[in-house]
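Each remark here refers to the structure printed beneath this line.
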Amino acid sequence: MFSYCLFSNHASGQEYLNEKSFQGKLVKDEITRAYLTPAKIIWQSDNQNKQVKDSEVLLTPFDGQLTTSGVGMSVFRSDKEMQASILLDFGKEIYGGIEIAGGIRDSKNPIKVRVRLGESVTEAMSDCIDNSVPGMGSATNDHTLRDYTLDIPWLGTIEVGNTGFRFARIDVLDNDVDLPIKSVRAIARYRDIPYLGTFNSSSDRLNQIWEIGAYTVHMNMQEYLWDG
């Protein structure tokens, strides 16, 4: 004999997993994630469509699904003479990181790249220095890292970054490789909370300053209020 029962009170996926699989030890993340497609390409190491091929692909929305077809890819080709590089602008400063989706290729070995995130073009294009040296104020890599070296998988995605930025530079570090990339998306992290205060004056400039200030504080409200 087969019997079954129906439950009228439906638990959410997280509640069910937390109770059945993790004995209540899962802690819900209060931070919301959202993806952002690059708004434009600021610079690339090659404009002849040889070292950096079909870079405009990176400006199109990505649904998150990689396929084995290999079509619709931007290809980064590096050799001993030239390193394939690109600088992307996401249009507005956010807090978070980026996701790189690597396509299918002949070799399944990961390909090493360097990623630099910056609030300005100059910061994203510069090397980190020791700010303890007097008069050497520049881009840093201390409380929130912005300069990374990582491996791009074969037919897979990788995420990196937990900082404030608008621009991202990517350099292929390995020689004699072709790296197909389907997408480079920014991952915006923020608390989904209402703006309770408002400000409105006869000055558009003052109104804009207030909006920027409110947005800046919001971007700094991650797990705790950091430095807004």
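The numbers here are math on the coordinates, done by the rules we state, and not lab data. All of these numbers come straight from a predicted model, not from anything done at the bench. Every residue, glycine among them, receives a Cβ derived from its backbone with ideal geometry; neighbour counts consider all protein chains shown.
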Entry for semi-axes √(5λ) of the Cα gyration tensor in Å (calculated from the structure that is shown) out of [x] 34, 30, 18; [y] 29, 21, 15; [z] 34, 17, 16: [x]
Space enclosed by the convex hull of the alpha-carbon atoms of the stretch 42-92, per residue, Å³: 98
Per-residue Cβ neighbour rank within 10 angstrom, fewest leading, D151, D171: D151, D171
Net dipole in debye of the chain [+1 Lys, Arg Cβ; -1 Asp, Glu Cβ; about Cα centre; nearest 20]: 400
Fewest-first ranking of M125, M219, M73, using other Cβ atoms within 10 Å as the exposure measure: M125, M219, M73
The chain, relative contact order in percent, only Cα pairs under 8 angstrom and at least six apart counted: 27
Lysine pair number, Cα distance threshold 26 Å (strictly under), the chain, separation 8 or more or different chains: 21
Other-chain or far-sequence residues with amide H under 5 Å of R105's (modelled H): L155
